[in-house]
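Participant: Here you go, one structure.
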Amino acid sequence: MLPIVSITLFLPLLGALLIMGLRKAPAQLVHGIGILTSGLTLAGAIWMWSRGVADTGFAQVEQIDWMPAIGAAYRVGVDGISLPLVVLSALLFFVTFIYSAKVRERPHAYVVLMLLLETAAIGTFTALDAILFYVFFEVSLVSMYFMIAGWGHEDRQRAALMFFIYTLLGSLPLLLAILGLYLGSDPHTFDIRVWIADPPLTGTAAMLALIAMLFTFAVKTPVFPFHTWLPAAHVQAPAAGSVILAGVMLKFGTYGLIRFALQMTPASFHQAGVIVLIFGVFSALYGAFAALAQNDLKRLIAYTSVNHMGYIIIGVAIAALATDPAIRAIALDGSILQMISHGLVTGALFFAVGMLQDRANTREMDRFGGLLKLTPILGWSFVLAAFASLGLPGLAHFPAEFQIFLATLRVEPAAIIVILGIVITAGLYLKAINQVFLGETNTKWQGMPDLSMRELFTLVPLLLLIVIIGVGPAWLLNVIHKTTIALPF
């Protein structure tokens, strides 16, 4: 059988190597290679989707001996948790390459870094060996650091350094947890499937491993108070970097929380579930209130990411606390669907703000006004994505958040106070829409062009999926639920 997972995983790396060998190629050709490579990677991800997932465990598994003496191997595969994230990543990278075709500053390095980052992202979601997971997890940090530092805005060096230090130091406890899980397994192995089927640690050792993993993934998600690197990174990153950071890389944290913390230390997570739930509730409310105070559109969206990632943390914590497998599956279904919808919605919002900044060279909301008359396609695109972000029924966030809140009411009703975050999010986005797109038109922006074809090809796929998932999420939830209902704890 064709190793489609490995082909999809390493296609971007091959594209990067090709570009590195074409040092004198014009920018147009370099971007063309990037778009073609990411398009083929998306086709590979869709092919993986067509093959489906197994009723239990992992499907499409590919394995090659790597370091057999220590039980490490090249192992990749997917289940209902990881497969949707692979497709989301491939889609976001594809539209990001389309949007980035305008980049003329060091295009070779830009496209190479983006392709390396795509391989790292898909590798993180498909790795079934803990060492392989950690390698991809760390490589992504390097690529994003250079993206922010090289093509970001005025204070990019400081933001890139903060991002790198926070996330690098934050990932070290995960390495210790991986070593603990390895030493606890008998025979010793780094096979994630074995650790899930038979958690190797118990008692105090399992709790210590859980604490280490929670710290790493709290920084990566990020959860309050480990979030301080995120607004700076988003504001200073180029628009394409913000899309990938929010749409793909933040999911490393929540995916790791499910794959490692929940599945490998389920008993300890059950004991610590209320504490994780409190962090999730506080993070969601804090993100909403902090976003309400912003005048910079990009910083506003960055804080709403803290809010929405908080909902995902709540769903995972509820799954850990639930004793009924059906309730656990509902909470996880909502959390994983929220990961997908957040990637689409926040990706669309960051693209729209990037397009606005390309035209006005500012993101300050009080400097705009009446842009809906000048740029109706851009304006309505932002409005649609903003309404999705505030949880409007019929758009992608609603079915995800509804399941999270439903499971929360069944397990820990007091935590439903987090629903206040939706009210605040609605207020802040209505304020943003009013200031930027409604009211009197600022004469300074007369003649501002609407979206180009390149920008339409970037935004439209995301907006269509936001509506499709909001109206009929069953096609996606069926894949997710196939795995979540069969979890072995």
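Participant: Got a sec? Which helices (runs of 4 or more DSSP H) wholly within segment 389-489 have at least 3 residues that are free of Cβ contacts under 8 Å to residues at least 60 places away in the same chain?
Facilitator: 420-437, 453-471, 474-484
Participant: Let me ask another. Restricted to segment 453-487, and to residues that are touching a Lys or Arg at 6+ places or on another chain (Cβ under 9 Å) and not basic (Lys, Arg), which residue is modelled with the lowest pLDDT?
Facilitator: In the first step, residues of segment 453-487 are kept if they are touching a Lys or Arg at 6+ places or on another chain (Cβ under 9 Å); the result is 454, 484-485, 487.
Among the residues that remain, those that are also not basic (Lys, Arg) are: 484-485, 487.
Numbers: 484: 95, 485: 93, 487: 89.
My answer is 487.
Participant: Which of the residues belonging to segment 424-449 are at pLDDT below 90 and either over 21 Å from residue 348 (Cα atoms) or surrounded by fewer than 16 Cβ atoms within 10 Å (Cβ to Cβ) (or both)?
Facilitator: Within segment 424-449, 439, 440, 441, 442, 443, 444, 445, 446, 447 meet the criteria.
Participant: Somewhere in segment 266-273, is a residue closer than 25 Å to residue 124 by Cβ, touching a residue at least 60 places away in the same chain (Cβ under 8 Å) and not in a helix (DSSP H, G or I)?
Facilitator: Scanning segment 266-273 turns up no residue that is closer than 25 Å to residue 124 by Cβ, touching a residue at least 60 places away in the same chain (Cβ under 8 Å) and not in a helix (DSSP H, G or I).
Participant: Right, something else. Of the residues in segment 364-380, how many are buried (at least 21 other Cβ atoms within 10 Å of the Cβ) and under 21 Å from residue 424 (Cα atoms)?
Facilitator: Selection size over segment 364-380: 0.
Conditions tested, residue by residue: (1) surrounded by 21 or more Cβ atoms within 10 Å (Cβ to Cβ); (2) at positive phi; (3) modelled with pLDDT under 95.
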residue: 2; (1), (2), (3): no, no, yes
residue: 13; (1), (2), (3): no, no, no
residue: 21; (1), (2), (3): no, no, yes
residue: 26; (1), (2), (3): no, no, yes
residue: 41; (1), (2), (3): yes, no, no
residue: 45; (1), (2), (3): yes, no, no
residue: 49; (1), (2), (3): no, no, no
residue: 54; (1), (2), (3): no, no, yes
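Participant: Restricting attention to segment 351-380, which residues are over 19 Å from residue 244 (Cα atoms), assigned to a helix (DSSP H, G or I) and in contact (Cβ under 8 Å) with a residue 60 or more places away in the chain?
Facilitator: Correct list: 359, 360, 365, 366, 367, 371, 372, 373, 374, 376, 377, 378.
Participant: Hey, residue 62 hits all of (1) crowded, with 19+ Cβ neighbours inside 10 Å; (2) more than 22 Å from the chain's Cα centre (by Cα); (3) under 30 Å from residue 181 (Cα atoms) but one; which does it fall short on?
Facilitator: (1)
Participant: Return yes when residue 330 is modelled with pLDDT of 95 or more, under 15 Å from residue 419 (Cα atoms), out of contact with any strand residue (DSSP E or B) (no Cβ under 6 Å at 6 or more places or on another chain) and assigned to a helix (DSSP H, G or I) and no when it is not.
Facilitator: For residue 330, the condition - modelled with pLDDT of 95 or more, under 15 Å from residue 419 (Cα atoms), out of contact with any strand residue (DSSP E or B) (no Cβ under 6 Å at 6 or more places or on another chain) and assigned to a helix (DSSP H, G or I) - is not met.
Participant: Being under 19 Å from the mean Cα position of the chain (by Cα), part of a helix (DSSP H, G or I), more than 26 Å from residue 43 (Cα to Cα) and of a type in the set (Val, Ile, Thr) narrows it down to one residue among 165, 148; which is it?
Facilitator: 148
Participant: Considering only residues that are hydroxyl-bearing (Ser, Thr, Tyr) and either in a helix (DSSP H, G or I) or on the phi > 0 side of the Ramachandran plot (or both), look in segment 168-213 and name the one that is nearest to the chain's Cα centre (by Cα). Steps first, please.
Facilitator: Going residue by residue through segment 168-213, those that are hydroxyl-bearing (Ser, Thr, Tyr) are 171, 182, 185, 189, 202, 204.
With the extra rule that they be either in a helix (DSSP H, G or I) or on the phi > 0 side of the Ramachandran plot (or both), the set shrinks to 171, 182, 204.
Details: 171: 17, 182: 27, 204: 31 Å.
Among those residues, the one meeting the criterion is 171.
Per-residue answers, yes or no, for (1) out of contact with any Gly (no Cβ under 9 Å at 6 or more places or on another chain); (2) modelled with pLDDT of 95 or more; (3) under 20 Å from residue 79 (Cβ atoms); (4) buried (at least 24 other Cβ atoms within 10 Å of the Cβ):
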residue	(1), (2), (3), (4)
287	no, no, no, yes
323	yes, no, no, no
341	no, yes, yes, yes
344	no, yes, no, yes
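Participant: Give all pairs with beta carbons closer than 6 Å in which a residue from segment 154-179 that is closer than 30 Å to residue 205 by Cβ and modelled with pLDDT of 85 or more meets a residue that is among the polar types (S, T, N, Q) and part of a helix (DSSP H, G or I); count only pairs at least 6 apart in sequence or on separate chains.
Facilitator: These pairs meet every condition: 170/216; 171/216; 173/216; 174/216.
Participant: List the residue pairs whose Cβ atoms are under 9 Å apart, where the first residue sits in segment 109-122 and is within 13 Å of residue 138 (Cα to Cα), the second is crowded, with 24+ Cβ neighbours inside 10 Å and among the charged types (D, E, K, R), and the two are 6 or more positions apart or on different chains.
Facilitator: Short answer, once both residue conditions are applied: 121/251.
Participant: Right, here's the next one. Looking at (1) closer than 30 Å to residue 186 by Cβ; (2) modelled with pLDDT of 95 or more; (3) β-branched (Val, Ile, Thr), can you tell me which one residue 96 breaks?
Facilitator: Only one criterion in (1) closer than 30 Å to residue 186 by Cβ; (2) modelled with pLDDT of 95 or more; (3) β-branched (Val, Ile, Thr) is unmet by residue 96, namely (1).
Participant: Moving to a separate point now. Keeping to segment 219-270, report how many residues are closer than 30 Å to residue 323 by Cβ, surrounded by 22 or more Cβ atoms within 10 Å (Cβ to Cβ) and of a type outside the set (Phe, Trp, Tyr).
Facilitator: 18
The values are calculated or read from the model by the stated rules, or taken from the named source; none is laboratory data. Being a predicted model, the structure only gives us computed values, none of them experimental. Glycine gets a Cβ as well: all are built from the backbone with ideal geometry, and neighbour counts include every protein chain shown.
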